[in-house]
Amino acid sequence: MPAPHETDANPATSRKRATLERLLLEARRIFAEKGLAGTRLEEIASAAGVTRQLIYQYFSSKEKLFASVLDESTHQVVTDLLSLDLDDLPPRQALRVLLEHQFDHYGTNPELRSLAQESFRLHERSAQSRNRFSSMAPPLIDLMERILRRGAASGDFMPSVDARMLCGASVLLTTLWFTSRHITSTATGFDTDTPAGIAAWRSYAIDFVLSAVLTDRRPPLDRPQLEDE
């Protein structure tokens, strides 16, 4: 089945497309609120104005519906990152803007944070559960590669930085840490689940990634001071 963001020129499919988009929107909201285990398909069907049987027709199971919600959410994040106008920015600034946007998608969106945590639990339970990020990652790595290449040419970045490895590390620090914030909180000694804690980790994580590639003027890596300390 094509994803909701894929266009279809056939007018006869427009109603089905609208129904599918509404279904995924309501599923995202309820999964984020109640988690995969706590969500019943009847709730989603009622909120979307469809039948439970229609959900099974489209997705065959609650887990596959959840995987489709993750696919759509990931696609939206990656599409936004790829739409950033970074080519005209100095390499150092371009990399910082990219990292800030990676973080802020999750840092400012509680729904995405909840879905990320649920995704981790699902993948831990089932090796067969996969979303489509692997097919969306190459354009993001290419974007990182272009920034790194410009930075190496300008002398801002160290040469021969592996874009794939840096992209993976930056995703872990700016995005996937939301799946295990309790570990970060324990290690750092402050609550990374609060707005102040999220802001502190945002600052440190972005500076950490930048410090790995800059040739000079690396940002200090002191722990940011929290307002209540």
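Assorted remarks:
- Single residue of 102, 93 found to be free of Cβ contacts under 8 Å to residues at least 12 places away in the same chain, within 18 Å of residue 151 (Cβ to Cβ), assigned to a helix (DSSP H, G or I) and not small (Gly, Ala, Ser): 93
- Residues of the stretch 213-224 classified as surrounded by fewer than 15 Cβ atoms within 10 Å (Cβ to Cβ) and more than 15 Å from residue 93 (Cα to Cα), total: 4
- Each residue in the stretch 162-176 was checked for being assigned to a loop (DSSP other than H, G, I, E, B) and buried (at least 17 other Cβ atoms within 10 Å of the Cβ), and 1 of them qualify.
- If you go through the stretch 71-90 and keep only what is in contact (Cβ under 8 Å) with a residue 12 or more places away in the chain and over 16 Å from residue 171 (Cα atoms), you end up with 71, 72, 84, 86, 87, 90.
- Which listed residue, of 223, 217, is modelled with pLDDT under 90, assigned to a loop (DSSP other than H, G, I, E, B) and at positive phi: 217
- Among the residues making up the stretch 131-141, those that are in contact with a helix residue (DSSP H, G or I) (Cβ under 8 Å, 6 or more places away or on another chain) and assigned to a helix (DSSP H, G or I) are 133, 136, 137, 139, 140, 141.
The values are calculated or read from the model by the stated rules, or taken from the named source; none is laboratory data. Computed from a predicted model, the values in this text were never measured in an experiment. Glycine also receives a Cβ, built like all others from the backbone with ideal geometry; neighbour counts cover every protein chain displayed.
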